[in-house]
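**Q** Got a structure for you, written out below as structure tokens; questions coming shortly.
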Amino acid sequence: MQVQQAETNSKKQKSPEMDQCIQNCLNCFKICEETLARCFTQIEHKDSSHLALLKSCAEICNTSAKFMMLNSKFHSDVCGVCSKVCIECADSCEALGDASMKECIEACRKCADSCAKMAKLPH
């Protein structure tokens, strides 16, 4: 009974903005992973710092989504870090000047914006 009540309370606390942020994070996670896999096949995109940043971005996006899904009191902290990593990842992809990075840039910027808003919410 207590678990069911906790789940019900958890669902009540989520806002449409949080649900959208979760979706943005999951989408960014997916696109960063796909972009990373594609970079491994392209000689011109094998810069280790760029590849590490793509992987870091994917991981923090996934973690951020999980913290929000759990309604963790730390979700705003994790979202703040996620926003920073997404901005840096988007900038790194943009610096490559490659049209194949467009989807990743857009996903990172969208995730960064929504996570920045979540980071401003109180715990």
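**Q** Whole-Å semi-axes of the chain's equivalent ellipsoid, largest first, each the root of 5 times a Cα gyration tensor eigenvalue?
**A** They are 31, 13, 11 Å, listed from largest to smallest.
**Q** Rank these residues by their accessible area, most exposed first, probe 1.4 Å: Ile87, Ile22.
**A** Ile87, Ile22
**Q** Run the simple label-point estimate for Lys84 and Ser15 please: 7 Å along Cα→C-beta, distance reported in nm.
**A** Simple spin-label model gives 2.3 nm for this pair.
**Q** Report the paramagnetic label zone for Arg38: residues of region 66-103 whose backbone N is under 20 Å from a point 7 Å from Cα along the Cα-to-Cβ axis.
**A** Correct set: 86-103.
**Q** Hey, which lysines would be in cross-link range of Lys55, C-alpha to C-alpha under 21 Å, not counting anything within fewer than 8 residues on its own chain?
**A** Lys55 reaches Lys30, Lys46, Lys66, Lys84, Lys102, Lys110.
**Q** Shifting gears a bit: So for region 22-91, taking the charge dipole from beta-carbon charges (+1 Lys/Arg, -1 Asp/Glu), which of Met68, Ala58, Thr41 sits furthest toward the positive end?
**A** The residue sitting most towards the positive pole is Met68.
**Q** Subtracting the Cα-Cα distance from 0.36 nm times the residue separation, let me have the gained length for Leu70 to Asp47 in nm, one decimal.
**A** Taking Leu70 through Asp47 to full extension adds about 4.8 nm, to one decimal.
**Q** So how exposed is Lys14, as accessible area in Å² (1.4 Å probe, rounded to 10)?
**A** 60
**Q** Taking a probe of 1.4 angstrom, what is the accessible area of Arg38 in Å², to the nearest 10?
**A** Only protein atoms counted, so the area is about 80 Å².
**Q** If you take the charge dipole of the chain about its Cα centre, with +1 on Lys and Arg Cβ and -1 on Asp and Glu Cβ, which of Cys115, Cys86, Cys32 is farthest toward its positive end?
**A** Ranked along the dipole, the leading option is Cys115.
**Q** Rounded to the nearest 20 debye, what is the charge dipole size of the chain about its Cα centre when +1 sits on each Lys and Arg Cβ and -1 on each Asp and Glu Cβ?
**A** 540
**Q** Can you sort Thr35, Thr41, Thr63 by solvent-accessible area, 1.4 Å probe, largest first?
**A** Per-residue accessible area, sorted high to low, gives Thr41, Thr63, Thr35.
**Q** Report, as a whole number in µm² per second, the diffusion coefficient that Stokes-Einstein gives for region 21-65 at 4 °C and 1.567 mPa s using the Kirkwood radius over alpha carbon pairs.
**A** Rounded to a whole number, D works out at 124 µm²/s.
**Q** Suppose only helical runs count, i.e. DSSP H with n ≥ 4. What mean residue ellipticity at 222 nm does that imply for the chain under -39500 (n - 2.57) per run, divided by all residues and rounded to the nearest 500 deg cm²/dmol?
**A** -27500 deg cm²/dmol
The values are calculated or read from the model by the stated rules, or taken from the named source; none is laboratory data. The model shown is predicted, which means the values in this text are computed figures rather than measured ones. Every residue, glycine among them, receives a Cβ derived from its backbone with ideal geometry; neighbour counts consider all protein chains shown. These area figures cover heavy atoms from the full protein model, side chains too; ligands, DNA and RNA do not enter into them. Shrake-Rupley method; radii C 1.70, N 1.55, O 1.52, S 1.80 Å.
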